[in-house]
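The values are calculated or read from the model by the stated rules, or taken from the named source; none is laboratory data. What you see is a predicted model; the values in this text were computed from it and never measured. Here Cβ is always computed from backbone atoms with ideal geometry, including for glycine, and neighbour counts include all displayed protein chains.
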Amino acid sequence: MDPRELIAHFHLPQLLSFLHSSYSNTSTPILGASALLCTIILYTIAKMFGFGSQNEFNVEGQTVVITGGSDGMGKAVALELSAKGANVVVVARTVSKLVTAVDEMKAKAANIFKQKFHYISADLTDPVECERVIAEVTTWNSGAAPDIVWCCAGFSRPGYFVDVPIQDHRQQMDTIYWTAANTAHATLRNWLNPVPPSGQMKTPRRHLIFTCSTLAFVPIAGYSPYSPAKAAIRSLSDTLSQEIEMYNGAYTQRHRSDAPAADVKIHTVFPMGILSPGFDNEQKTKPELTKKLEEADKPQTPSEVAQISIRALERGEYLITTNFVGSVMKGTALGPSPKNSIVGDTMLSWLSNLVFLQVIPDLRSKAFAWGKQNGLPGSTPAS
Ligand SMILES: NC(=O)C1=CN([C@@H]2O[C@H](COP(=O)(O)OP(=O)(O)OC[C@H]3O[C@@H](n4cnc5c(N)ncnc54)[C@H](OP(=O)(O)O)[C@@H]3O)[C@@H](O)[C@H]2O)C=CC1
Ligand SMILES: CCCCCCCCCCCCCCCC(=O)[C@@H](N)CO
């Protein structure tokens, strides 16, 4: 509903008299507790919609590196950030797609005279290539390190565990986990390099962003080559979000001892299905059972996913989901990860844990019924 409509239907005097009549017989402690509860809920809702908070992800004039920036979600992120005034470098292997992405970014730029765009072709499964990318970006950026690095490279090769050749499982770990870990390693080695007090300049907070999948939270049969690599990224993200605090603590003392050049924040985005070239490709090998189990997913366009993720970064979120089902999947697996909001995330996890009491047995029984009905994959079904 349009918020203006809501306001139009809102009659304050009636509401006040209703509240007065319902509370006139209530004791003071109950009134106090209710007021406190309402305040907490309103505060949480206001926070969730970003009211009253400043932009935690201002990209105007910043230099951003996006791996996998030539296609799908990565390219959509590149276009959004270009429209917001960022300088953008896209990194992937295929040059032709990179050239197109740069042309599209130029067309979307907020101010083409101020912003600059670049591409680097690299296979990020190779850590040496990741070091080269960060060095090349720094040279291109007049000697300054990038301000934001967003790891989007990766694709999914679904299939049943035993049917997928073991080298394909290893390759998924390379393209999903290692492209992200190599990029993070090269980036953080650059960002966290100690700078003496005399060399410190006013540098805005830097952001390292991983792109995961809600499959890192919830298992779905047919994704065994992919989900473990995404779960590993989530674990890396959680560990780094703690480890980085040591550097951020040292940064507060930069006036008197060696410290990194800037404060650093880690984030991870967990999309559901994205209608990308990668998605079209994975549909070709995806088992029918997997398609059935992920029926609750209504894939989003790359630009929707990019816009929703950027808005969440602007609110300063850490683990980011892009729709309701994704949030429920996160809620059941939140565990020890840092929260975006203590009240909101705690309530979400209670709700999700109740929902998942039913969801996991349901997914398993669907798999069982599938085998009973269709037999082994590739074999002739019983008549
Ligand atoms: N599509 C989906 O349904 C979902 C995707 N995700 C994740 O979101 C991210 C984006 O996915 P999607 O939009 O589908 O992307 P696409 O598959 O459409 O594009 C993938 C991008 O990554 C690049 N890339 C792949 N391998 C490498 C490599 N070894 N080195 C450098 N670049 C590489 C590709 O370029 P090139 O091949 O030229 O190198 C391309 O730019 C991925 O991490 C994916 O796992 C998460 C949830 C759902
Ligand atoms: C109310 C809550 C109910 C929850 C039900 C759970 C249903 C599971 C949906 C699984 C969706 C998986 C999308 C991942 C996409 C992805 O990462 C791949 N396309 C790889 O690229």
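May I ask you to say which residue of Asn353, Asn340 is surrounded by 13 or more Cβ atoms within 10 Å (Cβ to Cβ) and closer than 24 Å to Ser53 by Cα?
Matching residue, one of Asn353, Asn340: Asn340.
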### Query
Does segment 189-211 contain at least one residue that is within 12 Å of ligand 1 (Cβ to nearest atom) and hydrophobic (A, V, I, L, M, F, W, C)?
yes
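Take Val128 and tell me if it is more than 25 Å from Phe117 (Cα to Cα), more than 25 Å from the chain's Cα centre (by Cα) and modelled with pLDDT of 95 or more.
So Val128 does not fit the description; no.
To keep it simple, each residue is scored yes or no on (1) buried (at least 17 other Cβ atoms within 10 Å of the Cβ); (2) near ligand 2 (Cβ under 10 Å from one of its atoms); (3) at pLDDT 95 or above.
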| site | (1), (2), (3) |
| --- | --- |
| Gly278 | yes, yes, yes |
| Asn281 | no, yes, yes |
| Pro287 | yes, no, yes |
| Lys298 | no, yes, yes |
| Ile310 | yes, no, yes |
| Leu313 | yes, no, yes |
| Leu319 | yes, no, yes |
### Task
Scan segment 266-294 for residues that are within 17 Å of Phe217 (Cα to Cα) and free of Cβ contacts under 8 Å to residues at least 60 places away in the same chain and jot them down.
Thr268, Met272, Gly273
### Query
Inside segment 38-71, can you point out the residues that are part of a loop (DSSP other than H, G, I, E, B), at pLDDT below 95 and either within 16 Å of ligand 1 (Cβ to nearest atom) or within 19 Å of the chain's Cα centre (by Cα) (or both)?
Phe49, Gly50
### Message
Just to verify a result, which residue in segment 120-130, among those that are touching a residue at least 40 places away in the same chain (Cβ under 8 Å) and under 27 Å from Ile320 (Cα atoms), is farthest from ligand 2 (Cβ to nearest atom)?
### Response
Pro127
### Query
How many residues are away from ligand 2 (no atom under 14 Å from the Cβ) and touching a residue at least 12 places away in the same chain (Cβ under 8 Å) when one looks only at segment 165-176?
5
### Query
Can you find even one residue in segment 142-158 that is more than 16 Å from ligand 2 (Cβ to nearest atom) and without any contact (Cβ under 8 Å) to a residue 12 or more places away in the chain?
yes
### Task
Kindly indicate the residue of segment 192-217 that is in a loop (DSSP other than H, G, I, E, B) and within 13 Å of ligand 2 (Cβ to nearest atom) and also nearest to Thr179 (Cα to Cα) among those meeting that condition.
Cys212
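Yes/no matrix, rows are residues, columns are (1) touching a helix residue (DSSP H, G or I) at 6+ places or on another chain (Cβ under 9 Å); (2) within 16 Å of ligand 2 (Cβ to nearest atom); (3) not in a helix (DSSP H, G or I):
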| site | (1), (2), (3) |
| --- | --- |
| Arg189 | yes, no, no |
| Pro219 | yes, yes, yes |
| Ala229 | yes, yes, no |
| Ile233 | yes, yes, no |
